[in-house]
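S.K.: Let me begin by handing over the structure; questions about it come next.
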Amino acid sequence: MKNLIVATMVLFAFQTGHAQLRYFTKTGSVSFQAGTALEDIDGVNKSATSVFDATTGQIEFALLVKGFEFKSALMQAHFNENYMESDKFIKSTFKGKVTNIEKVNFKKPGEYPVTVQGTLDIHGVAKPVEAPGVFKVLNDETVTSSSTFSVTLDDYKIGIPGLVKDKISKTAKITVYCSYAILK
Amino acid sequence: MLLLLVTACAGYGFYMYTKKPADIRKADALYQTSAPGLLAEFNKDELAANKKYIDQVIAVKGKVADVKTDATGQATVFLDSGDLMASVTCSFYAEESPAAKSLHQGQEVTIKGKCTGKLMDVVLNKCSIDKQP
C-alpha cells in the first residue's frame, strides 16, 4: 500500500506530455512539537519529498518516520518504538489539494496565502486535514512553501501512557517548510 | 539492598534521560556498499532491505549527482545510482555541511550515515564524509 503511494507519487511527479507546471523537492523539512510546559519534545525530519502541480493545485508529501532527529536518545527511542511504531509504519504521507491555487501567480515573486485540504496518513491511520499555508514565489524556478497546523494524537491512534501524560501534549504542532525547484 | 536497586534504577533513568542520540560519525559502518548496489537491493525486495538497513550505520560509495543547501546552511548530497528517477539522499550533520558543500558533481565519495529507508531515494541521515579519494 505504502509502495503504491510512493509509486503513484513518482508517476505523478514525472508524468510528461502535459503542459503542466510541477515543482519538486527531496529536502523538505517537517518538524513537530508535542511537549508541554514540563518538557520540550520536538523532532525534525529534513528529507521529506514533496511535489505539487501549479496548474491543478494537487500536492503530495512523503517522509520516512525513522528520519526524525531528536535532542535526546530516549525521546527518539520512545517516538519510534512506543508512539509511531516506525518499524511497522515506515512512511507517513499527505495527499491533497491547494484549494485556491489560482490565487498564486507563479510568474510574480511574492507571498501568497493558501489553504490545503487532503488526507494525512500517520501511524497507519488516514484522516482528512485542512491547513493554512504560504507559497513564496522567489523567481521563475523556485517556490517555497510553509505551513503550521495541529493534529490530535488520539485521531491517529497514538496512545500516551498515563505515567507521562503530563509531559506529552495531546496534540502535536506540525511545521512544514519546503524549497521547491521547477521540474523540467 | 532495595535502596541500592532503587538508586541504580534512578541513576540509569537519569543517564537515559540526558543521553544524546548516538554520534553516527563515531560509529563503525555495519555495511559497505555502493549507491547503485544499495538502490538495487531496495528495488529488488524493499521489505528485506528495510530489515537489513533501516537504523543501521552504512558507508555508501558513489558519484556525487548534486549538492543542495537549504536556507539554514544544511547540506544534502545526492549520490548517483545509475537510475534517473532515484538516488541516495544523504542529509548531513550541521557541522559536516561545509565539507559536503565542497563536493562537486561527478566526484567519487564514500558517505557514512544512518539509513532511514526508501521513499523515491534511499535516505541516509546524520551523514559525514567517510572517504574522499
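Coordinate-derived values only; no laboratory data. Keep in mind the model is a prediction, meaning the values are calculated, not measured. So basically every Cβ, Gly included, is an ideal-geometry build from the backbone, and we count neighbours across all protein chains shown.
S.K.: Under a Cβ-Cβ cut-off of 12 Å, what is the net charge of the residues other than B:Ala22 that fall near it, where Lys and Arg count +1 and Asp and Glu count -1?
M.R.: +2
S.K.: Something else now. Placing +1 at every Lys and Arg Cβ and -1 at every Asp and Glu Cβ, with all other atoms neutral, what dipole size does segment A:52-138 have around its Cα centre, in debye to the nearest 20?
M.R.: Approximately 280 debye in magnitude.
S.K.: Can you give the calculated 222 nm mean residue ellipticity of chain A, where each DSSP H run of n ≥ 4 adds -39,500 (n - 2.57) and the sum is split over every residue, rounded to the nearest 500 deg cm²/dmol?
M.R.: One gets -3000 deg cm²/dmol as the mean residue ellipticity at 222 nm.
S.K.: If neighbour count is taken as other Cβ atoms inside 10 Å, put A:Val176, B:Val123 in order from fewest to most. It would help to have the intermediate numbers written out before the result.
M.R.: On the way: A:Val176 22, B:Val123 29.
Going from sparsest to densest Cβ surroundings: A:Val176, B:Val123.
S.K.: Sticking with this structure for a sec: Once you measure Cβ to Cβ distances between cysteines in chain B, which Cys have no partner under 4.7 Å?
M.R.: That list is B:Cys9, B:Cys115.
S.K.: Which of the helices in chain B meet the span-like rule: DSSP H, Cα axial reach of 18 Å or more, Kyte-Doolittle mean at least 0.0?
M.R.: Length and hydropathy pass: B:2-18.
S.K.: Projected onto the charge dipole of chain A (+1 at Lys/Arg Cβ, -1 at Asp/Glu Cβ, origin at the Cα centre), which of A:Val143, A:Gly67, A:Tyr177 gives the Cα projection farthest towards the positive end?
M.R.: A:Val143
S.K.: Grab the alpha carbons of segment B:21-131, take their convex hull, and tell me the volume per residue in Å³.
M.R.: Once divided by residue count, the hull of segment B:21-131 is 96 Å³.
S.K.: Given segment B:21-131, what percent of its DSSP beta bridges are antiparallel, to the nearest 5?
M.R.: Beta bridges within segment B:21-131, antiparallel portion: roughly 75 percent.
S.K.: Same structure again: What's the lysine pair count for segment B:44-114 at a Cα cut-off below 27 Å, pairs eight or more apart or interchain?
M.R.: Within segment B:44-114, the lysine pair count is 24.
S.K.: Quick check on chain A: what does the Kirkwood estimate of hydrodynamic radius come out to from the alpha carbon pairs, in Å?
M.R.: 17.1
S.K.: From the helices alone, meaning DSSP H stretches of at least four residues, give me the mean residue ellipticity at 222 nm for chain B, per-run term -39500 (n - 2.57), in deg cm²/dmol to the nearest 500.
M.R.: -9000 deg cm²/dmol
S.K.: Considering the dipole of segment B:21-131 built from charges on the beta carbon (Lys and Arg +1, Asp and Glu -1) around the Cα centre, which of B:Gly82, B:Thr110, B:Ala29 is farthest to its positive end?
M.R.: It is B:Ala29.
S.K.: For segment B:21-131, with only Lys/Arg (+1) and Asp/Glu (-1) charged at the beta-carbon, what is the dipole magnitude about the Cα centre, in debye rounded to 20?
M.R.: So the dipole magnitude of segment B:21-131 works out to roughly 180 debye.
S.K.: Next up: Please state the charge dipole magnitude for the protein assembly as shown, taken about the Cα centre, from unit charges on C-beta atoms (+1 on K and R, -1 on D and E), reported in debye and rounded to the nearest 20.
M.R.: That gives a dipole near 40 debye.
S.K.: Mind listing the Cα extents of the protein assembly as shown along all three principal axes, in Å, largest one first?
M.R.: Each principal axis gives a Cα extent; for the protein assembly as shown these are 76, 48, 35 Å.
S.K.: What is the gain in length, in nm to one decimal, between A:Leu138 and A:Leu163 on full extension, counting 0.36 nm per residue of separation less the C-alpha to C-alpha distance?
M.R.: This chain segment gains 4.3 nm when fully extended.
S.K.: Further question: Taking every residue in A:46-54, how many Cβ atoms of other protein chains lie within 10 Å of its Cβ, on average?
M.R.: 3
S.K.: Indicate, rounded to the nearest 5 percent, the antiparallel portion of the DSSP beta bridges found entirely in the protein assembly as shown.
M.R.: Expressed as a percentage, antiparallel bridges in the protein assembly as shown total about 90.
S.K.: On average, how many beta carbons from a partner chain sit within 10 Å of the beta carbon of a residue in A:69-79?
M.R.: On the way: counts 7, 2, 2, 6, 7, 8, 3, 4, 3, 0, 0.
Whole-number average of other-chain Cβ neighbours for A:69-79 is 4.
S.K.: Compute the acute angle (0 to 90°) between the alpha-carbon long axis of helix A:2-14 and the principal axis of greatest extent of the alpha-carbon atoms of chain A; round to the nearest 10°.
M.R.: With rounding to tens, the tilt is 20 degrees.
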